[in-house]
Amino acid sequence: ALVLVPEQPLADWLAGLDAQMKRSPAYFAGKPVVVDLATLAGTPHLVAGLMDALGSRGIRVVGIEGLEAGTAGADLPPVLSGGRTVTEGVIADAPAEPQAPPAAPPPEPAFLLLDAPVRSGQSVVFPRGDVTVVGSIGSGAEVVAGGSIHVYGTLRGRAMAGVNGNSAARIYCQKIEAELLAIDGYYQTAEQIDDTLRNRPAQAWLDGETMKITALN
């Protein structure tokens, strides 16, 4: 799930959220969202208003954090607690007895390599850096990256690069049939992509506030 952390004043925070949604309307589509309410814990009237504001924007809140379970109103989403460390998609149970502190983990890689296609309905989110797909991105699938996206196959779904404000990110693919391309919130849909680029190697990048898509020779 995506995590939203509202800040006060809420009006300014919501205005920033609206600006982001205007730049990338499809970003929250169908995605579960968790809201961290730690900064609003002492203002229950603001919490209720925030939930209404998010709902009116079509944002699906599946849970909240930052509140004590007993203090959350019955009309709020469930309070998430008791989480456990997740490694490589497997929930790791806490050890039964205290153990010596583990050695410091190696630094996390700044890239993600997917050696299989991203199939229809799948969503891959990697905000730390580049994503490389050895295969295709199917229609209805999406890849979201903090850096650039490289697709060694056909890009039919959605590719969103530079999601953390990296305007230098790019999108590369062997064949472009994309439903949506986005870099740092600026996007083009399938209808806006030049027909002469279809089924050809292509790249997309930002020139100021304009997304450009050209063929790769």
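So for each of 44-57, 153-166 I average, over its residues, the number of other beta carbons within 10 Å; can you give me the resulting order with the highest mean first?
Working: 44-57: 14.7, 153-166: 21.4.
Result, highest mean Cβ count within 10 Å first: 153-166, 44-57.
Can you tell me which of 33-42, 3-12 comes out highest on packing, and rank the rest after it, using the mean Cβ neighbours within 10 Å?
On the way: 33-42: 16.6, 3-12: 12.7.
The peptides rank, most packed first, as 33-42, 3-12.
What lysines sit close enough to K22 to cross-link, taking a C-alpha to C-alpha distance under 17 Å and skipping anything fewer than 8 places away on the same chain?
The qualifying lysines are K31.
Under a cut-off of 17 Å between alpha-carbon atoms, report the lysines in cross-link reach of K175, not counting same-chain residues fewer than 8 places apart.
K212
Could you tell me what percent of the accessible area of segment 117-217 is made up of carbon and sulfur, with a 1.4 Å probe and every protein chain present? Please list the in-between numbers first.
Working: 1950 of 4560 Å².
Exposed carbon and sulfur together represent 43 percent of the surface.
The values are calculated or read from the model by the stated rules, or taken from the named source; none is laboratory data. Keep in mind it's a predicted model, so treat the numbers as computed, not measured. Reconstructed Cβ throughout: ideal geometry from the backbone, glycine too, with neighbour counts over all protein chains shown. Only protein heavy atoms, including side chains, enter the accessible area calculation; ligands, DNA and RNA are left aside. Shrake-Rupley method; radii C 1.70, N 1.55, O 1.52, S 1.80 Å.
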